[in-house]
Amino acid sequence: VTRSAMLLAVYAEALRRWTDDENRDFIVTVPGLSVAGTESHILDRTRIYAARCLDRPDRSAAESFTDSAAELRYRIAKGVDAVDELRHAVATGSGHRGLAPYVLTYSADRPVLPATASELLGHPTMIRSSTPQVIIDFQVYRFVAEEVSLSFDVRVGALADGVAEQLFVTTVEAVTALAEWTPERARSMKLTDLVTLPTHVRRHRDQLAGTE
């Protein structure tokens, strides 16, 4: 199971925490997983895959990670990216949910910038991107060898005030907690034990539901 597969499972579970839709399965667009770099998942922007993240609450966290890894391996091995898949569906009338507005951009297995670049330009402190067709892009980069950067690129006005910030905190806290998990714990726990709502969000929801 790769890091990108684990992050995909965590991200999808975090998104589920902010949806009331009966269908809690998500399609997350994952750009850049190279066929040639399958083992390390090197960023390759010529490929964009639509990974299906199924809501399976009966599965352990370890099984959910394995499901995500299998889905990514299938997409890479199939060699058809999301745009080609959508084009084929439209041409054949077979139906397609379209390109998802949720994205995971992963490039953290090796530094994006060479050591000479950071020596010349200094340590990066801010990331800017522009993808107006996307609601949330969860970006995971290793710009320099000693640091992994997590960020959300969120379309302005797409979400209610505070939602993006709450979702980001939830996702980062889950990823941070996951770093301390052992394989045994992952096999005995579920994603819902890992991805938890902030206390103030949970309390506010209880108030709205009249349970507090």
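The values are calculated or read from the model by the stated rules, or taken from the named source; none is laboratory data. None of the values given here were measured: they were computed from a predicted structure. Every residue, glycine among them, receives a Cβ derived from its backbone with ideal geometry; neighbour counts consider all protein chains shown. Ligands, DNA and RNA are excluded from the accessible area calculation, which covers all protein heavy atoms including side chains. Shrake-Rupley method; radii C 1.70, N 1.55, O 1.52, S 1.80 Å.
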Close pairs from the stretch 189-212: first over 28 Å from ALA179 (Cα atoms), partner modelled with pLDDT of 80 or more and assigned to a helix (DSSP H, G or I), Cβ under 7 Å, at least 6 apart: GLU212/ARG203
On the basis of being modelled with pLDDT under 80, open to solvent by 20 Å² or more (accessible area, probe 1.4 Å), in contact with a strand residue (DSSP E or B) (Cβ under 9 Å, 6 or more places away or on another chain) and not in a loop (DSSP other than H, G, I, E, B), does SER130 make the cut? no
Within the stretch 159-170, the residues that are in contact (Cβ under 8 Å) with a residue 12 or more places away in the chain and open to solvent by 40 Å² or more (accessible area, probe 1.4 Å) are LEU159, GLN166, PHE168, VAL169
Quick one: GLU165 ticks every box in (1) part of a helix (DSSP H, G or I); (2) closer than 17 Å to GLU13 by Cβ except a single one, so which number is it? (2)
Mind listing whichever residues of the stretch 142-162 are modelled with pLDDT of 85 or more and not in a loop (DSSP other than H, G, I, E, B)? VAL148, SER149, LEU150, SER151, PHE152, ASP153, VAL154
Taking the options PRO124, PRO111, name whichever one is out of contact with any Lys or Arg (no Cβ under 8 Å at 6 or more places or on another chain), modelled with pLDDT under 85, surrounded by 12 or more Cβ atoms within 10 Å (Cβ to Cβ) and not in a helix (DSSP H, G or I). PRO124
Which of the residues belonging to the stretch 171-197 are surrounded by 15 or more Cβ atoms within 10 Å (Cβ to Cβ) and farther than 16 Å from LEU7 by Cα? ARG185, LEU197
